[in-house]
Amino acid sequence: MKKGKGKVILIIIVVVVAIAAFGSAGNGNSKDGEAQPEAQQTTQENAAEGQAPEPDVPADYVSALNQAQTYSDSMHMSKQGIYDQLISEYGGQFEPEAAQYAVDNVEADWNANALAKAEDYSESMHMSKQGIYDQLTSEHGEQFTSEEAQYAVDNIQADWNANALAKAREYQETMSMSSEAIRDQLTSEYGEKFTQEEADYAIANL
């Protein structure tokens, strides 16, 4: 009888060990050094890093961004100018959140935009350096930052003497102003804001 009991106990031990080994092999939980299934591993990594899938961008946000890109690329507008245009009742009529998303994500070089605007003012309106700077930074004008406007007037290829002369001729031809009145208008802080030397050049070459 004792011998038979020993065999039974031995068989039970073998069965228990086999079951334990089988269960360990089929367990999805990995131990150190064991590879986890790829999907499970990625999920655990994201959870550990606090990552969550980004929600879809609302359609209005995408539309606002597309408009902002157009304003920057074709009209060389400033960041603030684009924002104001997007939310304007006469413009894009977007919600402020959509407009803010747009100007925060638009691909634009604001210095380059300011320079392009400065060149437009110089070539088409023959404005002075100070006049262009003021127009670029004005809240009623282009609304570039002071740094962007300074970059523009420092890098523009303009002949300020020629601009002053062109302005002087406009005053002479359209308003029949005297030379001294033209000189004053060219240098006035309420007028064209050319330097005295630029105004003198213009009057001397009328």
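The values are calculated or read from the model by the stated rules, or taken from the named source; none is laboratory data. All values derive from a computational prediction rather than experimental measurement. Because the Cβ atoms are built from the backbone with ideal geometry, glycine has one as well, and the counts that use them run over all protein chains shown. Each accessible area value is taken on the protein alone, full model and side chains, heavy atoms only, with ligands, DNA and RNA left out. Shrake-Rupley method; radii C 1.70, N 1.55, O 1.52, S 1.80 Å.
Some notes on this structure:
- Matching option when the condition is small (Gly, Ala, Ser), farther than 22 Å from Ala64 by Cβ and modelled with pLDDT of 95 or more, among Ala99, Ala158: Ala158
- Failed item, numbered, when Asp84 is tested on (1) in contact (Cβ under 8 Å) with a residue 40 or more places away in the chain; (2) under 14 Å from the mean Cα position of the chain (by Cα): (2)
- Applying the condition of being assigned to a helix (DSSP H, G or I) and of a type in the set (A, V, I, L, M) to the stretch 178-206 and asking which residue is most open to solvent (accessible area, probe 1.4 Å) yields Ala204.
- Only residues that are surrounded by fewer than 22 Cβ atoms within 10 Å (Cβ to Cβ) and either in contact with a Lys or Arg (Cβ under 7 Å, 6 or more places away or on another chain) or not small (Gly, Ala, Ser) (or both) were counted across the stretch 84-93, and they come to 6.
- Filtered by the rule that a residue be free of Cβ contacts under 8 Å to residues at least 60 places away in the same chain, closer than 17 Å to Glu198 by Cα, open to solvent by less than 70 Å² (accessible area, probe 1.4 Å) and of a type in the set (S, T, N, Q), the stretch 126-161 gives a lone residue, Asn161.
- Selection within the stretch 94-125 - open to solvent by 50 Å² or more (accessible area, probe 1.4 Å), touching a Leu at 6+ places or on another chain (Cβ under 8 Å) and not polar (S, T, N, Q): Tyr101
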